[in-house]
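Values in this text are rule-based calculations from the coordinates and carry no lab data. These figures come from a predicted structure and were not determined experimentally. Backbone-built Cβ (ideal geometry, glycine too); neighbour counts: all protein chains shown.
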Amino acid sequence: MINKLKSLKDNQGFMKYFKNTSWLFAEKILRMAVGLFVGVWIARYLGPDKFGLFSYAGSFVGLFTAIAALGLNDILVRELVQHPEKENELLGTAFYLKLMGAILTLVILYIAVHFTSNEHYTNMMIFIIASATIFQSFNVVDVYFQSKVMSKFVVYANILSLFVSSLVKISLIILDAPLIAFAWVVLFDSFVLACGFVYFFLKNSEFKIQNLKFSKLTAVRLLKDSWPLILSGMVIAVYMRIDQVMIKEMLDNEAVGNYAAAVRLSEAWYFIPMVIASSLFPAIVNAKKQSKELYYVRLQKLYDLMVWMAIAIALPMTFLSDWVVNLLYGNQYSQAGDVLMIHIWAGVFVFLGVANAKWIINENLMLNGMIRTSIGAFVNVILNYILIKKLGIMGAAISTLISYFIANYFGLLFYKKTRICFWQQTKALNIFKDFK
């Protein structure tokens, strides 16, 4: 074992990815810890009713943010790895595309709110939060550092944003600020993060502002590959956020607050598969160039790791859900414990889905991914409509679990080209195989 560890340490390729992943993990763990502390404080300060309204506004915006992202991030990583000589053109084109996507998102949101029963105050919060998508155009810097396996600079920018944001939020609580002030903080966060990205990018790359250019041909090529991811991102947003929107329409703000409190604890762990998958994606792309066997061996190891981590989180949270909710949020969020007990198991299929998404992109099967997530979203909406009426917010948690199971795992069985992933994930879910 010691010799194996020494050999890994001497392996420059391994150490490069290991250090990159370590930086991302360190930042995300810090963000989870600080975010949980400040987020719980905000939830306690606002109470279930106001916290529910704030969460609803964020969820409503979340239904449309995939339009602003344009599904470009993973496509851009792939292109930067495969065509580093076109770096300036790729980054410039992606930036302008994301900026146009953000403006389109605001226009669509303006139309969408007219079909809701929201008050003016709620709609104002929605537009303040949605304006943050403008600054998310600068996330192309994050993608650039991913492709170079230099994520420590992204970590620096994120920690700066987290520190400033946390101080502002704590100050608002101490000053007894109104609810809408926390919506403005969401916009402010994006601005600070964008400034951090620009600073570290200009300092640690040879890129010059004057080289930022838009190529129509590159834009068409990127969008040709990414349009299924745009639609897929939209339907993912539906089956990840529609529950809170429907709970508000069918129940009330307080129910949304209780549900959102549980979901935030459940989804706090989702950074783990995202960090691992994002950091290892270049290695998986390169493995395919070497051999098909190595490619799928690495994918199987990734799936196995995802399942073990997800179960290691879900099991203790299942038995400690009521205690955890009461400790963090207090008695006013008493309904959140039962929701957390169910919702936490959706993480198993989220972890697998994040890993599988990388394979889908590498195999250029984005259309299939879009179809599966569309089916998952449709199932979630139907089940929410039925189960929220019968079981309240518990019904929404059950609907989420079932829809994730279908979209991220079971749906892979019904398409010939994705069936290999279904069997790999089935093997990963058989956690007792290693004890035989």
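So which residues in the range 380-410 are free of Cβ contacts under 8 Å to residues at least 40 places away in the same chain and under 27 Å from I360 (Cβ atoms), if there are any at all? Lay out the reasoning, then the answer.
We begin by selecting, within the range 380-410, every residue free of Cβ contacts under 8 Å to residues at least 40 places away in the same chain; these are 382-383, 386-387, 390-391, 395, 402, 406, 410.
Hits for the range 380-410 are I382, L383, I402, I406, F410.
So that you can scan it fast, the table gives a plain yes or no per residue for (1) under 28 Å from Q82 (Cβ atoms); (2) crowded, with 21+ Cβ neighbours inside 10 Å:
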{"position": "L222", "(1), (2)": "yes, yes"}
{"position": "L229", "(1), (2)": "yes, yes"}
{"position": "R241", "(1), (2)": "no, yes"}
{"position": "A261", "(1), (2)": "no, yes"}
{"position": "K288", "(1), (2)": "yes, no"}
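Here are I236, I276, I284: which of them is closer than 24 Å to S399 by Cα, touching a residue at least 24 places away in the same chain (Cβ under 8 Å) and in a helix (DSSP H, G or I)? Let's see the steps before the verdict.
Values: I276 fails: closer than 24 Å to S399 by Cα; I284 fails: closer than 24 Å to S399 by Cα.
The match here is I236.
Condition first: touching a helix residue (DSSP H, G or I) at 6+ places or on another chain (Cβ under 6 Å) and of a type in the set (F, W, Y). Can you find one or more residues in the range 348-357 that meet it?
Within the range 348-357, one or more residues are touching a helix residue (DSSP H, G or I) at 6+ places or on another chain (Cβ under 6 Å) and of a type in the set (F, W, Y).
Among the residues of the range 360-372, is any closer than 23 Å to D225 by Cα, basic (K, R) and exposed (fewer than 14 other Cβ atoms within 10 Å of the Cβ)?
No.
Quick check on this structure: which one of M306, M317 is within 30 Å of K50 (Cα to Cα) and of a type in the set (A, V, I, L, M, F, W, C)?
Values: M306 fails: within 30 Å of K50 (Cα to Cα).
When all the criteria are applied, what remains is M317.
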